[in-house]
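Everything below concerns the one structure shown next.
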Amino acid sequence: MTDTMNFAGHRGCITELGNSTLPVLSVLYVDDDPLLLNVCKLYLERRQDIFVSVASSVENALKLIETLSFDVIISDYQMPGTDGISFLKILNEKDCSIPFILFTGRGREEVMTEAINNGAIYYIQKGGHQRSPFAELDNKVREASRRSLAGDTVKEDWIVV
C-alpha cells in the first residue's frame, strides 16, 4: 500500500442510456450489514448515474481503494474490527481526500463530533423520523461530489437527520 491515496475518481466516465449520456459517480459503501449494503446500492443506482461498490469491512474497503477510484465514501460507524471513525482516521493518515459520509444508526453526539473533527463531510442517521435516510444519502452523495469537484472543503452545513 502506498503512503498517499490521491484518487481522481470516475469523474468524466460516461454511461450510455438510450440517446442520453450521464456522468457516473463512483461510490464506496462500507457496512457490515449485508441487507443495508444491498438496499443502499439498489437505491443509489436506481437512476443509473451512480455506481456503488460495497465492502463488508474496513479491511475489504481499503483493498478496493487501492485498486479502484471513488468519488465519495460512505461508511457505517459501528462495525466489527475497525469502526467508521477509525476508517476515516486511516484515510486521513494516507492523505486520502475522497469526501467521507458517516451513515450510521448510532445517534450519539460524541460520535457526530468525532466524525466532524476527523473530516467527515456529512453525518447521516440511518433511522429516525426522516422520510427516507436513503433519499437524504443520495442527495448528500451528489452534493459531496459537486463540492469536491469545486474544491469546496468548507463544512458549513452539517447534516444530522
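The values are calculated or read from the model by the stated rules, or taken from the named source; none is laboratory data. Model, not experiment: these values are computed from the prediction. Neighbour counts run over all protein chains shown; Cβ positions are idealised from the backbone, glycine included.
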Next on the checklist: Quick test for you: out of L25, L44, pick the one residue that is farther than 18 Å from C96 by Cα and crowded, with 18+ Cβ neighbours inside 10 Å.
Outcome noted: L44
Checklist outcome for this item: Exactly one of V111, V52 is of a type in the set (V, I, T), within 20 Å of K140 (Cα to Cα), at pLDDT below 95 and touching a strand residue (DSSP E or B) at 6+ places or on another chain (Cβ under 9 Å), and that residue is V111
Checklist entry - Of these, E66, E143, E136, which one is exposed (fewer than 13 other Cβ atoms within 10 Å of the Cβ) and of a type outside the set (S, T, Y)? => result E66
Checklist entry - Which one of the conditions (1) in contact with a Leu (Cβ under 7 Å, 6 or more places away or on another chain); (2) crowded, with 22+ Cβ neighbours inside 10 Å does N118 fail to meet, given that it meets all the rest? => result (2)
Next on the checklist: Could you go through segment 53-72 and let me know if any residue there is in a loop (DSSP other than H, G, I, E, B), over 22 Å from L149 (Cβ atoms) and of a type in the set (F, W, Y).
Outcome noted: no
Next on the checklist: For segment 101-124, which positions are in a helix (DSSP H, G or I) and free of Cβ contacts under 8 Å to residues at least 24 places away in the same chain?
Outcome noted: E109, E110, T113, N117
Checklist entry - What are the residue pairs meeting all of these: first residue in segment 135-151, first residue at pLDDT 85 or above, second residue in a helix (DSSP H, G or I), Cβ atoms under 9 Å, and 6 or more apart or on different chains? => result A135/Y43; L137/C40; L137/Y43; L137/L44; D138/Y43; D138/L44; V141/L44
